[in-house]
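To start, the structure itself, in structure tokens.
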Amino acid sequence: MARTTEEIRDLLDAAQAAESTLSTLNNPSQTSEYNLWKDIYAMIQNMDEQLWDILRDEINTAIALAAPATPTWIKWKVEQFQYSATNTQVLQLVNFVPTYPVIDTDLQIITRCAVKTIGNNTVRVKVAKSDPPTVLTALEAASLTGYVSAIIPAGVVFQIVNVAADKLYIDADIYYNGEYAATISDSVIESINAYLEGLPADGTVEISALQNAINDTPGVTDVKLNEVRARQDSVAFASATVVYKLSTGVNLRIWNTVSASMVEETTVGNTFADTLNFIAAS
């Protein structure tokens, strides 16, 4: 990482102080010739180190994208998947590399993707399309499976995870400045949803981060989380995992999403609007 000009200048000053033959160069003026040369050298050295940082990052990115079967490479390729309901997209071999004859970014439907090695030479590929994220249709998922089969190296097993968003239930008492009474409910729900939308495709919901998202909402003065549950979409609400419960001391701290996204609980009576209790601070 590039050093700052101040750090480089400090090293030059220390080197000068340690060299007795330079003791006569003691003019305190910042515009003295010797001090100006030190400033010039420090700036040039800083710029040089920044350029090396940029080069290193570019090399690392190139290596990550060029290495077939790495999670980064597979994610990059999955994001290039094209689908059309009216114009079948078929890969062709170009210099022994499977590619589309015409690259059309409008047909690249994958908006969220996460790839993770899960053992036994197997990679898990989470996907979603659109914004907000939704599941691929059966035809889209079948086409994606064929695409991944064509691009992935021989011997690598893959699993496509194409499921509806995980669901989050929050029971909380939220204390607020009474001046915000008209907007506090919508504002807090927006803050929670913004936190969830900001999670990556292989995201982890953290109890502490969730609490911070609520606390940082304008008008909120305090928050008491009573219970937090999470579930994948195929699991009934009654069987949702209790991630945090104040009354019993349960605190799993985190929920690792099963799908490529997470949204508020949708079961009737258990949405954020139903379970967030707002109390005007006295």
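Coordinate-derived values only; no laboratory data. A quick note: this is a predicted structure, and the numbers were derived from the prediction, not measured. As a convention, Cβ positions derive from the backbone with ideal geometry for all residues, glycine included, and neighbour counts pool all protein chains shown.
Given the Cα-Cα distance of D186 and Q16 and 0.36 nm per residue of separation, how much length would full extension add, in nm? Walk me through the intermediate numbers first.
Numbers: separation 170, 0.36 × 170 = 61.20 nm, distance 6.16 nm.
Between D186 and Q16, full extension yields 55.0 nm more.
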Rounded to one decimal in nm, the spacing of the 7 Å Cα→Cβ label points at A85 and W52 is 5.6
Estimated FRET transfer efficiency when R0 is 41 angstrom, pair A138-N60 (beta carbons, to 0.05): 0.60
For S23 and T145, calculate 0.36 nm times their separation in residues minus their Cα-Cα distance, and state this gained length in nm to one decimal. 36.7 nm
Label model pair D173, N120: point-to-point distance (7 angstrom along the Cα→beta-carbon line) in nm is 4.8
Most mobile listed residue (W52, W73, W37) in the chain, GNM with C-alpha springs under 10 Å: W37
If you look at just the Cα atoms of segment 159-282, how large are its Rg and its Dmax in Å? 14.4, 54
Using a Gaussian network model on the chain with a 10 Å cutoff between Cα atoms, which of T145, T105, T117 fluctuates the most? T105
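Cα gyration tensor of segment 6-72, axes a ≥ b ≥ c as square roots of the eigenvalues: rounded (a/c below 1.5), prolate (a/b > b/c) or oblate? Mind showing how you got there, number by number?
Numbers: a/c = 6.04, a/b = 3.61, b/c = 1.68.
It comes out prolate by the Cα gyration axes.
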Express in whole angstrom the spacing between the alpha-carbon centres of segment 37-99 and segment 226-273. 37
What share of all Cα pairs of segment 63-183, in percent, falls into each consecutive 5 Å distance bin? 2, 9, 18, 20, 16, 10, 6, 4, 4, 5, 4, 2, 1, 0
Rounded tilt (10° steps) of 5-18 against the dominant C-alpha axis of the chain: 40
Could you list which residues have their amide H under 5 Å from that of A201, counting only those 5 or more apart in sequence or on another chain, with H placed in the peptide plane? C113
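If you build the convex hull over the alpha carbons only and average its shadow over all orientations, what do you get for segment 23-120? Give it in nm² to one decimal.
On the way: hull surface 54.4 nm².
Mean orientational projected area (segment 23-120, Cα hull): 13.6 nm².
May I ask you to list the GluC sites (Glu not before Pro) in segment 1-96 that are in a DSSP loop and have at most 16 other Cβ atoms within 10 Å of their Cβ?
Values: sites: E6, E7, E19, E33, E49, E58, E79; in loops: E19, E79.
Hits after loop and neighbour filter: E19, E79.
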What lysines sit close enough to K126 to cross-link, taking a C-alpha to C-alpha distance under 23 Å and skipping anything fewer than 8 places away on the same chain? K75, K77, K116, K167
Go ahead and estimate [θ] at 222 nm for the chain from helices alone: -39,500 (n - 2.57) per DSSP H run with n ≥ 4, summed, over the residue count, rounded to 500. -11000 deg cm²/dmol
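Normalised by the empirical 2.2 N^0.38 Å for globular proteins, what value does the Cα Rg of the chain take? Show your work: numbers first, answer last.
Values: Rg = 27.4 Å, N = 282, 2.2 N^0.38 = 18.8 Å.
Rounded to two decimals, the normalised Rg is 1.46.
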Can you give me the distance in nm between label points at E33 and T221, each placed 7 Å from the Cα along the Cα-to-Cβ direction? 6.8
